[in-house]
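The values are calculated or read from the model by the stated rules, or taken from the named source; none is laboratory data. Not measured: the values here are computed from a predicted model. A quick note on method: Cβ atoms are made from the backbone with ideal geometry, for glycine too, and the neighbour counts reach across all protein chains shown.
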Amino acid sequence: MIQAPGAPARPTLSPIPLEGPAPHYLDTLRSEWTKLRTLRSTFITLGVAAILVIGLSALITLAAYAAPTHGKRVLTDPVGIIQAGWFFGLLTLMVLGVMVITNEYSSGMIVSTLLATPKRARTLVAKITVFSILLLVVCEVITFINFFVGHAVISAYPEFFDPSITDHNVLRAVVGMGLDGALAGLMGLGLGALFRNAAAAIAVGVAIVFVEPIVALFLPSSVQNPLNEYWPTQAGGQLEEVTRQPHALTAWWGTGDLALFILILLVAAGYALVKRDA
């Protein structure tokens with residue numbers, strides 16, 4: 001169209017980009033950290049895990065040492081008594097891992113997440129990174145507080161051996177308990193990402209952790225011993241032990257067995273996330 005003489009010039013409109021710059025990995029990390037720390041259930045569940053571990057461990061230790069007849073296990077494995085509350089703590093942390101990812105599916109937030117970061121594998125890696133760092137720090141704090149509380153309870157009974165953090169393999173068992181707590185949470189995260197349903201993921205996780213040892217009791221020793229030796233959660237539990245159990249891998253080989261299982265689970269979850277619709 002021809003512009004009339006003396007008419008003001010029409011402003012030139014530059015095209016508006018429809019998409020902004022692609023987010024970097026650090027942007028995705030910040031996004032996942034924001035989601036994790038703003039979920040009230042995250043820190044409530046971590047608090048419940050801490051109360052279960054420290055409170056129940058202290059009560060079990062007190063009951064064991066104050067009993068009129070002291071069992072041999074108290075004499076031979078005081079660290080195991082101190083860490084008894086972790087049985088329920090591991091279950092709580094696994095459930096937290098499941099909820100971290102399945103909550104996004106149940107609320108529909110996963111659609112916004114994947115629209116903001118189309119590279120789905122990057123999203124899962126960022127979620128794993130943030131969650132594992134948070135969990136490892138919290139679990140190590142819990143396990144050391146738990147040990148020293150139990151140590152204080154046992155010190156009231158001087159007639160029995162009181163383990164010190166500097167004793168052989170005690171420090172490894174305490175640190176290893178926190179590491180296993182973080183791995184339990186990551187296993188829950190992998191199951192949650194794979195099944196995308198909290199009930200299904202928790203049921204499978206409980207079967208992996210708690211059902212296998214019960215089933216193995218009814219199997220012949222020729223099957224039971226190798227099954228317990230290489231079953232991921234059984235093998236990984238050797239890191240929590242001060243002395244090596246019969247028919248068991250060494251502490252670090254057992255941890256490697258568990259870590260490899262969780263890595264395979266997370267890779268499978270990542271593949272499913274990339275290939276399936278949100």
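Among the residues of the stretch 239-277, those that are buried (at least 19 other Cβ atoms within 10 Å of the Cβ), in contact with a Leu (Cβ under 7 Å, 6 or more places away or on another chain) and farther than 13 Å from L183 by Cβ comprise A251, A269, G270, L273.
Within the stretch 207-219, can one find any residue that is crowded, with 17+ Cβ neighbours inside 10 Å, of a type in the set (V, I, T), at pLDDT 95 or above and under 24 Å from T129 (Cβ atoms)? There is no residue in the stretch 207-219 that is crowded, with 17+ Cβ neighbours inside 10 Å, of a type in the set (V, I, T), at pLDDT 95 or above and under 24 Å from T129 (Cβ atoms). Which one of the conditions (1) under 18 Å from I262 (Cα atoms); (2) buried (at least 17 other Cβ atoms within 10 Å of the Cβ) does V174 fail to meet, given that it meets all the rest? All conditions are met except number (1).
Based on this model, can you work out whether L26 counts as modelled with pLDDT of 85 or more, of a type outside the set (G, A, S) and surrounded by 10 or more Cβ atoms within 10 Å (Cβ to Cβ)? Lay out the reasoning, then the answer.
Numbers: modelled with pLDDT of 85 or more: yes; of a type outside the set (G, A, S): yes; surrounded by 10 or more Cβ atoms within 10 Å (Cβ to Cβ): no.
Considered against the rule, which asks whether it is modelled with pLDDT of 85 or more, of a type outside the set (G, A, S) and surrounded by 10 or more Cβ atoms within 10 Å (Cβ to Cβ), L26 comes out as no.
For the stretch 218-252, the set of residues classified as under 18 Å from the mean Cα position of the chain (by Cα) and touching a residue at least 24 places away in the same chain (Cβ under 8 Å) consists of P232, T233, G236, G237, L239, E240, listed by residue number.
Only one of the numbered conditions (1) surrounded by 15 or more Cβ atoms within 10 Å (Cβ to Cβ); (2) among the hydroxyl-bearing types (S, T, Y); (3) farther than 24 Å from V100 by Cβ is violated by T166, and that is (1).
If I filter the stretch 102-120 for residues that are modelled with pLDDT of 90 or more, surrounded by 18 or more Cβ atoms within 10 Å (Cβ to Cβ) and part of a helix (DSSP H, G or I), do I get at least one hit? Quick ask: steps written out before the conclusion?
If we filter the stretch 102-120 for residues that are modelled with pLDDT of 90 or more, which is where we start, we get 102.
With surrounded by 18 or more Cβ atoms within 10 Å (Cβ to Cβ) added as a condition, the list becomes 102.
Still in the list and also part of a helix (DSSP H, G or I): 102.
Yes, some residue in the stretch 102-120 is modelled with pLDDT of 90 or more, surrounded by 18 or more Cβ atoms within 10 Å (Cβ to Cβ) and part of a helix (DSSP H, G or I).
Within the stretch 229-238, the residues that satisfy the criterion of being surrounded by fewer than 21 Cβ atoms within 10 Å (Cβ to Cβ) and in a helix (DSSP H, G or I) are E229, Y230.
Within this structure, L186 passes the test of being farther than 17 Å from I81 by Cβ and at pLDDT 95 or above.
Note on the stretch 141-196: residues that are in a loop (DSSP other than H, G, I, E, B) and not hydroxyl-bearing (S, T, Y) total 12.
Answer yes or no as to whether I54 is within 22 Å of the chain's Cα centre (by Cα), over 18 Å from L266 (Cα atoms) and modelled with pLDDT of 95 or more. Let's see the steps before the verdict.
Details: within 22 Å of the chain's Cα centre (by Cα): yes; over 18 Å from L266 (Cα atoms): yes; modelled with pLDDT of 95 or more: yes.
It is true that I54 is within 22 Å of the chain's Cα centre (by Cα), over 18 Å from L266 (Cα atoms) and modelled with pLDDT of 95 or more.
Cβ-Cβ contacts under 9 Å between residues 6 or more apart (or on different chains), taken from a first residue in the stretch 27-51 that is outside any helix (DSSP H, G or I) to a second residue that is among the hydrophobic types (A, V, I, L, M, F, W, C), are listed as L39/M99; L39/V100.
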